[in-house]
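The values are calculated or read from the model by the stated rules, or taken from the named source; none is laboratory data. Worth saying up front: this structure is predicted, and the values here are computed from it rather than measured. No Cβ is skipped: glycine too gets one built from the backbone with ideal geometry, and neighbour counts run over all protein chains shown.
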Ligand code: 57M
């Protein structure tokens, strides 16, 4: 909004010319989201405590989690709120990609909010029925995927990491793939959010990576040089990613070990949904599996654990899945697991960025 209000006045006030630059607006979108988190965080923690929106702890989990009983949850409302406000303030609102990614962020956040609310108020640990939640996620992802597919000039080719010249055209199959990526990313982040800062750390690292991807895809010279798909308007998604990075750091300030608040499904689903949508809009779809490698590993650990449990009549591969619990049960202190997963996440991000140079 600030761009639309102040940039037109740059003839009168020359310093307003700065609002035309994506880099400037990205930095201030990040700072704005961070400040909102710092201002509202303490109030939200007290509010959730007063409303008794606190996390029930399952008895079948690692014993170290029992001390977490009573920790406020649904802190994801702070992430979603600060990202929405900051993006609406600093992004160019005539770019449809901004509304698409905000729609998914808010839509998945609402699904998570309803799930959390039913768990906490309904006192039933299941929340929304799994099928209903999955259907709602698929409908939102499908809507955006169809909207994108029908957008004039949209390409249904996908980018294959390491192979720049191979750009298979999936046709309407792109709608299926992008729906799968958005829903899959949301649920992968959701599974990962099982230790203090374990989801928000890697998610923030992913948003920094897609901040770069969005800027490169939206810049004709850079996209041509790197031989990546040039996506007109994708550069504005850099501002959204900046807001997400600011919100992520702001939430981490309270979610770091020992957590004062958990993000809840409202946070994990909105973060993952946004990440999946960014992968689609920037035409960097498959590389999300590398950027979000930690989320992939966590999800695969569950698939293998449950699958092996079934085929081997009750035997387990890991001491407990997702894999972060396996390391906890091996005796790693929680902060050790968390920071090591962050380090691995940074390595994944660096490898993903390096593939842009590889031809
Ligand atoms: C999402 N939720 C956390 C918090 C967070 C199929 C199976 C793998 C499903 C999985 C599951 O229940 N996943 C749900 C993970 C929960 O966190 C809440 O959920 C929100 C995210 N959606 O924001 O509100 C617990 O995680 C801990 N936590 C922190 N700090 C944080 O910042 O310590 C969360 C955020 C919180 C808190 O203890 O209560 C979760 O773990 O449930 N199930 C599991 O992950 C369970 N694994 C399991 O059953 N493994 C089995 C089979 C099914 C694979 C096996 O290995 O044999 C584990 N989780 C729990 N207990 N709670 C282990 C048992």
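With surrounded by 22 or more Cβ atoms within 10 Å (Cβ to Cβ) and at positive phi as the only criterion, which of 197, 201 stands out? Spell out how you get there, then give the answer.
Values: 201 fails: at positive phi.
Result: 197 is the single residue among 197, 201 that is surrounded by 22 or more Cβ atoms within 10 Å (Cβ to Cβ) and at positive phi.
Considering each of 166, 182 in turn, give the residue that is part of a helix (DSSP H, G or I) and either in contact (Cβ under 8 Å) with a residue 60 or more places away in the chain or under 29 Å from residue 350 (Cβ atoms) (or both).
Details: 166 fails: part of a helix (DSSP H, G or I).
Being part of a helix (DSSP H, G or I) and either in contact (Cβ under 8 Å) with a residue 60 or more places away in the chain or under 29 Å from residue 350 (Cβ atoms) (or both) holds for just one of 166, 182, which is 182.
Being over 16 Å from residue 81 (Cα atoms) and surrounded by fewer than 14 Cβ atoms within 10 Å (Cβ to Cβ) is the filter here, so list the residues in region 25-49 that pass it.
Residue satisfying the conditions is 46 alone.
With respect to residue 188, is the statement that it is touching a helix residue (DSSP H, G or I) at 6+ places or on another chain (Cβ under 8 Å), over 23 Å from residue 320 (Cα atoms) and either surrounded by 23 or more Cβ atoms within 10 Å (Cβ to Cβ) or modelled with pLDDT of 95 or more (or both) true? Break it down into steps so the answer makes sense when it comes.
On the way: touching a helix residue (DSSP H, G or I) at 6+ places or on another chain (Cβ under 8 Å): yes; over 23 Å from residue 320 (Cα atoms): no; either surrounded by 23 or more Cβ atoms within 10 Å (Cβ to Cβ) or modelled with pLDDT of 95 or more (or both): yes.
So residue 188 does not fit the description; no.
Of 267, 273, 307, which residue is more than 9 Å from the ligand (Cβ to nearest atom), in contact (Cβ under 8 Å) with a residue 12 or more places away in the chain and in a helix (DSSP H, G or I)?
Only one candidate passes the filter, namely 273.
Here is a check on your reading of the model: is residue 281 away from the ligand (no atom under 12 Å from the Cβ) and farther than 25 Å from residue 228 by Cα? Working first, answer last.
Details: away from the ligand (no atom under 12 Å from the Cβ): yes; farther than 25 Å from residue 228 by Cα: no.
No; evaluated as a whole, the condition is false for this residue.
Yes/no matrix, rows are residues, columns are (1) part of a helix (DSSP H, G or I); (2) over 30 Å from residue 62 (Cβ atoms); (3) in contact with a helix residue (DSSP H, G or I) (Cβ under 9 Å, 6 or more places away or on another chain); (4) at pLDDT 95 or above:
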{"residue": "201", "(1), (2), (3), (4)": "yes, no, yes, yes"}
{"residue": "211", "(1), (2), (3), (4)": "yes, yes, yes, yes"}
{"residue": "215", "(1), (2), (3), (4)": "yes, yes, yes, yes"}
{"residue": "221", "(1), (2), (3), (4)": "yes, yes, no, yes"}
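Name every residue in region 57-77 that is within 6 Å of the ligand (Cβ to nearest atom) and surrounded by fewer than 11 Cβ atoms within 10 Å (Cβ to Cβ), in order of residue number. Full working, then the answer.
Restricting attention to region 57-77, the residues satisfying the condition of being within 6 Å of the ligand (Cβ to nearest atom) are 57-58, 60-61, 65, 68, 73.
58, 60 - these are the residues of region 57-77 that are within 6 Å of the ligand (Cβ to nearest atom) and surrounded by fewer than 11 Cβ atoms within 10 Å (Cβ to Cβ).
Only one of 102, 134 is part of a helix (DSSP H, G or I) and surrounded by 18 or more Cβ atoms within 10 Å (Cβ to Cβ). Can you tell me which?
Details: 134 fails: surrounded by 18 or more Cβ atoms within 10 Å (Cβ to Cβ).
Criteria check complete, one pass: 102.
Tell me which residues, restricted to region 320-356, are over 25 Å from residue 255 (Cβ atoms) and either in contact with a helix residue (DSSP H, G or I) (Cβ under 7 Å, 6 or more places away or on another chain) or surrounded by 13 or more Cβ atoms within 10 Å (Cβ to Cβ) (or both).
Just the residues of region 320-356 that are over 25 Å from residue 255 (Cβ atoms), to begin with: 351, 353-356.
Of everything in region 320-356, those that are over 25 Å from residue 255 (Cβ atoms) and either in contact with a helix residue (DSSP H, G or I) (Cβ under 7 Å, 6 or more places away or on another chain) or surrounded by 13 or more Cβ atoms within 10 Å (Cβ to Cβ) (or both) turn out to be 351, 353, 355, 356.
Show the residue pairs meeting these rules: Cβ distance below 7 Å; 6+ apart or different chains; first residue within region 197-224 and in contact (Cβ under 8 Å) with a residue 60 or more places away in the chain and closer than 16 Å to residue 79 by Cβ; second residue within 14 Å of the ligand (Cβ to nearest atom) and part of a loop (DSSP other than H, G, I, E, B).
197/256; 197/257; 199/193; 199/263; 200/263
All but one of (1) in a helix (DSSP H, G or I); (2) more than 14 Å from the ligand (Cβ to nearest atom); (3) surrounded by 15 or more Cβ atoms within 10 Å (Cβ to Cβ) hold for residue 251, so report the exception by its number.
Failing condition for residue 251: (2).
Looking at (1) surrounded by fewer than 16 Cβ atoms within 10 Å (Cβ to Cβ); (2) touching a residue at least 12 places away in the same chain (Cβ under 8 Å); (3) assigned to a helix (DSSP H, G or I), which one does residue 52 not meet, given that it meets all the others?
(3)
Being part of a helix (DSSP H, G or I), over 22 Å from the mean Cα position of the chain (by Cα) and under 15 Å from residue 299 (Cβ atoms) is the filter here, so list the residues in region 311-351 that pass it.
326
Residue 294 - would you say it is within 16 Å of the ligand (Cβ to nearest atom), surrounded by fewer than 18 Cβ atoms within 10 Å (Cβ to Cβ) and within 27 Å of residue 76 (Cα to Cα)? It would help to see each step written out before you state the result.
Details: within 16 Å of the ligand (Cβ to nearest atom): yes; surrounded by fewer than 18 Cβ atoms within 10 Å (Cβ to Cβ): no; within 27 Å of residue 76 (Cα to Cα): yes.
No: the conditions fail for residue 294.
From the list 194, 109, which residue is within 26 Å of residue 253 (Cβ to Cβ), in a helix (DSSP H, G or I) and modelled with pLDDT of 95 or more?
Details: 194 fails: in a helix (DSSP H, G or I).
The unique qualifying residue is 109.
Can you tell me which condition residue 342 does not meet? The list is (1) more than 12 Å from the ligand (Cβ to nearest atom); (2) within 27 Å of residue 177 (Cα to Cα), and all the others hold.
Status for residue 342: all satisfied but (2).
For region 124-153, how many residues meet the condition of being touching a residue at least 40 places away in the same chain (Cβ under 8 Å) and more than 30 Å from residue 215 (Cα to Cα)?
Residues in region 124-153 being touching a residue at least 40 places away in the same chain (Cβ under 8 Å) and more than 30 Å from residue 215 (Cα to Cα): 3 in total.
Checking residue 174 against (1) within 16 Å of the ligand (Cβ to nearest atom); (2) closer than 27 Å to residue 226 by Cα, which single condition isn't satisfied?
(1)
If I filter region 231-248 for residues that are within 16 Å of the ligand (Cβ to nearest atom) and surrounded by 24 or more Cβ atoms within 10 Å (Cβ to Cβ), do I get at least one hit? Steps first, answer last, please.
Taking region 231-248 as the starting set, the residues that turn out to be within 16 Å of the ligand (Cβ to nearest atom) are 247-248.
Subsequent filtering for residues that are surrounded by 24 or more Cβ atoms within 10 Å (Cβ to Cβ) retains 247-248.
For region 231-248, residues within 16 Å of the ligand (Cβ to nearest atom) and surrounded by 24 or more Cβ atoms within 10 Å (Cβ to Cβ): present.
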